[in-house]
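Bear in mind these aren't lab numbers, they're just calculated from the coordinates by the rules spelled out. This structure is a prediction, so every number in the text was calculated from the model and none was measured. So basically every Cβ, Gly included, is an ideal-geometry build from the backbone, and we count neighbours across all protein chains shown.
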Amino acid sequence: MSPLAARAAQIEPFHVMEVVKQADALERAGRSVIHLSIGEPDFTATAPVQRAAALAIEQARTQYTPALGLPALCTRIAGWYATRYGVVVDPAAIAITAGASGALLLACAALVERDTEVLMPDPSYPCNRHFITAFEGRARLVPTGPERRFQLDAACVEQNWGATTRGVLVASPSNPTGTSIEASELAKVITAVLARNGFVISDEIYLGLSYDDIASTALAISDQVIAINSFSKYFAMTGWRLGWVVMPPALRPALERLAQNLYICASAIAQHAAMACFEPESLAIYEERRAEFRRRRDFLVPALQQLGFGVPVRPDGAFYIYADIGHFSDDSDRFVEEVLMATGVCMVPGKDFGVHSPQRFVRISYATSYERLLEAVERLQKYLLGR
Ligand SMILES: Cc1ncc(COP(=O)(O)O)c(C=O)c1O
C-alpha cells in the first residue's frame, strides 16, 4: 500500500466519537444514557416530504438530475428567501448539493488554492476547516470569545488578513456556540473582505433555527457572498443528504463542472421530496419545532447557569450551548468522561472545535426531548452539587 497523501493524513478524526463509543458501551451494559452530544434534530422529515419521496420512487423519477439540481427546487428555495427573509434570489444563482457538506466541497474546490489561508473563528465546526485542508489551504483559526459572540468581526478580519489570505468562512448561528453575528457586524466583515478581493463563505445551515432575530442571511447584505444552507437542520432531513449554495453568477460554470465531475448530482429522490418542504403543512410543522427548540433553550440555559456552568452569551440559534466548565475543572475531556460515567449524561468536550481554550468548554446539545433535558439537569445537579 503506498503512503497516504499528506492532505488525507492532515484531516483530524472526530474526538467526540471516543465519547460516543463510551456512551454506547454504557448503554449496552444497561445504563441509561442521555445524549446531549447529538448534532442532528430529534425530528424527522414531515409526512408530506415522506409522501413526496414515496411518489418519486413509485413514478420512477429516480434518474440523474441536472448537476446543479432540479430547477423547480431552486425556484422553491428562491421563493423561501423572498417570503421568509425578504431577499430576492435568482433561482439560477442556486445550486442543489449533497448537504451543506456538498456545497462546502464545491465552494472550497473552486476557491481554495494550495497554501492560501482562510480565516475562521475558533471555536467552529471542525469539518469546515477540514474542507480547506483537503484542498491544501490553511484554515487560520482566529480566537473568539463571548465579547464577539464567538464570531469574527471586521476588526479581527482586518488584523488577521495576511499576504496569503483569500477569504473567510463564517457560520451563523454557529456550531458549537449557537451564537450569531449581528447583521451590522456581518455587513462590515463582508465589506472588509470584498475590499480585499477575497471571498466570504457564509454557512447558514442553522439560520432556520433562530430564536432571537439576531442572525440574518448574508444575502440580505450582498449578492457577492457564497451562502450555504441545508435541508438537514430546520427541515430535519439529515440522512437525505440535501443542501444548497447561493453563489455569485461568475462562480456558476466552475461549480457546475465540479459537481458534474465530483458526484454528478444530489440524490434525485431527495430533491423531489424536498419540494414538499415548502408546502404550508410542512412549514407549520417546522415552526412548531422551532418553538419547541426555543422552549428547550429557555429552560436549559438558566438551568445550567444555576448549576455553575458559564454561558456568558445567550445562544440565539441552532441547538447548542457552549458552556464554560471552569467552575468545575480545567480539563473538559476529563470532565466529560467523569460526568458520563457518574450520571450517564453525554456531552462533547471542546477540543473538536478549536485550539483556543477548548479545555474550558463543553458543547451541550438540546436536540433531545424536553423531558430528557429535565432528567439530565436533575442528574447533573445531584452529581455536581455532591462532588
Ligand atoms: C455548521 C455546520 N455546517 C455544515 C454542516 C454539514 O451539514 P449537512 O452536510 O448535513 O448539510 C453541519 C453539520 O452538523 C454543521 O454543523
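Computed values, structure above
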read-out: C-alpha long axis of helix 71-80 to longest principal axis of the chain, angle in °; value: 50 degrees
read-out: Cα-based helix-to-principal-axis angle, 47-58 vs the chain, degrees rounded to 10; value: 50 degrees
read-out: Assigned charges on the beta-carbon of Lys, Arg, Asp, Glu; the stretch 244-387 dipole about Cα centre (debye); value: 180 debye
read-out: Debye, to nearest 20: dipole size of the chain, +1 on Lys, Arg Cβ, -1 on Asp, Glu Cβ; value: 360 debye
read-out: Prolate/oblate/rounded label for the stretch 1-63 (Cα gyration tensor, a/c 1.5); value: oblate
read-out: Order of W240, W161 under a 10 Å beta carbon neighbour criterion, fewest first; value: W161, W240
read-out: Selected from A163, A236, A53 as most flexible by GNM, with the chain as the system and alpha-carbon contacts under 10 Å; value: A163
read-out: Percent breakdown of C-alpha pair distances by 10 Å bin, ordered from the shortest bin, for the stretch 183-270; value: 15, 40, 33, 11, 0
read-out: Neighbourhood net charge (12 Å Cβ-Cβ; Lys/Arg +1, Asp/Glu -1) for R289; value: +1
read-out: √(5λ) per eigenvalue of the Cα gyration tensor, the stretch 90-196, largest first, Å; value: 20, 17, 15
read-out: For the chain, built as a Gaussian network whose Cα springs stay under 10 Å, the top-fluctuating residue of V89, V355, V157; value: V355
read-out: Percent of alpha-carbon pairs separated by more than 20 Å within the stretch 25-118; value: 64 percent
read-out: Selection from F309, V377, C346 lying farthest towards where the dipole of the chain points positive, charges on Cβ; value: C346
read-out: Förster radius 45 Å - calculated FRET efficiency between A29 and A9, Cβ distance, rounded to 0.05; value: 0.80
read-out: Sequence ranges 139-152, 285-298, ranked by mean other-Cβ count within 10 angstrom, highest first; value: 139-152, 285-298
read-out: Residue order, fewest to most surrounding Cβ atoms within 10 angstrom, among H35, H327; value: H327, H35
read-out: Nearest 10 degrees, 0 to 90: helix 332-343 Cα axis against the chain principal axis; value: 60 degrees
read-out: Per-selection metrics, the chain (Cα): Rg and Dmax in Å; value: 20.7, 61
read-out: Candidates V49, V88, V118: whichever shows maximal mean-square fluctuation once the chain is modelled as a Gaussian network with Cα springs under 10 Å; value: V88
read-out: Cβ-based exposure ranking for F14, F43, in which fewest neighbours within 10 Å come first; value: F14, F43
